[in-house]
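Heads up: the structure comes next, in structure tokens.
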Amino acid sequence: MRRQGRRDTKPELRLRRELHRRGRRYYVDRAPLPGLRRRADLVFPRLKVAVYVDGCFWHACSQHGTRPKNNRDWWDAKLDGNVQRDRDTDRRLTAAGWRVARVWEHEDLTAAVEIVEAALEEARRALVGRPPGMVTGRSQPGAQQMSRSGGI
Ligand SMILES: [Zn+2]
């Protein structure tokens, strides 16, 4: 087993476990684009969805991102650089037809799963080529009740 500092963090593991339980299959820690040496935490190659679980510190979360006081300039450059690289990664992936789902490590599991599932669903619709709303397959609450009172 490889050991890498920024991989297999707890929020990421929980997310992976839950997606797997839901039948989602994905690659872990893989570069979505050949030639672009930036790995995503989860990669769904067929649907072209890349998932990143961003740590609040390293990716400068607006709620919990703190900046060390010592060597302030260095840290500012470092963390701002990370954020710029994230946005650049998003742009490159989007330009190549990928969808990017970013989940903060502070997000609770339900919210994180929803973000990923929404991206997968969007990607699936795009792949099928049908207009949004036609392929959700979910029963609309209320739709059946409407006809029930239609007797008179
Ligand atoms: Zn946060």
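Look at Thr9 and say whether it is within 16 Å of the ligand (Cβ to nearest atom) and surrounded by fewer than 12 Cβ atoms within 10 Å (Cβ to Cβ). Taking the combined requirement at face value, the residue does not satisfy it. Of the residues screened, Thr89 is one that is surrounded by 15 or more Cβ atoms within 10 Å (Cβ to Cβ), in a helix (DSSP H, G or I) and either β-branched (Val, Ile, Thr) or at pLDDT below 95 (or both). A single entry from Arg99, Arg39 fulfils the requirement of being surrounded by 17 or more Cβ atoms within 10 Å (Cβ to Cβ), closer than 16 Å to Tyr26 by Cα and free of Cβ contacts under 8 Å to residues at least 24 places away in the same chain: Arg39. Restricting region 18-43 to residues that are out of contact with any Pro (no Cβ under 7 Å at 6 or more places or on another chain) and hydrophobic (A, V, I, L, M, F, W, C), the residue that is farthest from Asp88 (Cα to Cα) is Leu19.
The set of residues in region 48-83 being away from the ligand (no atom under 14 Å from the Cβ), in contact (Cβ under 8 Å) with a residue 12 or more places away in the chain and small (Gly, Ala, Ser) consists of Ala50 alone. The residue of region 103-124 that is surrounded by the fewest Cβ atoms within 10 Å (Cβ to Cβ), among those that are under 11 Å from the mean Cα position of the chain (by Cα) and away from the ligand (no atom under 16 Å from the Cβ), is Ala118. Tell me, yes or no, whether region 125-132 has at least one residue that is buried (at least 16 other Cβ atoms within 10 Å of the Cβ) and farther than 17 Å from Pro11 by Cβ. Checked against the condition, which is being buried (at least 16 other Cβ atoms within 10 Å of the Cβ) and farther than 17 Å from Pro11 by Cβ, region 125-132 yields at least one hit.
The values are calculated or read from the model by the stated rules, or taken from the named source; none is laboratory data. Being a predicted model, the structure only gives us computed values, none of them experimental. Here Cβ is always computed from backbone atoms with ideal geometry, including for glycine, and neighbour counts include all displayed protein chains.
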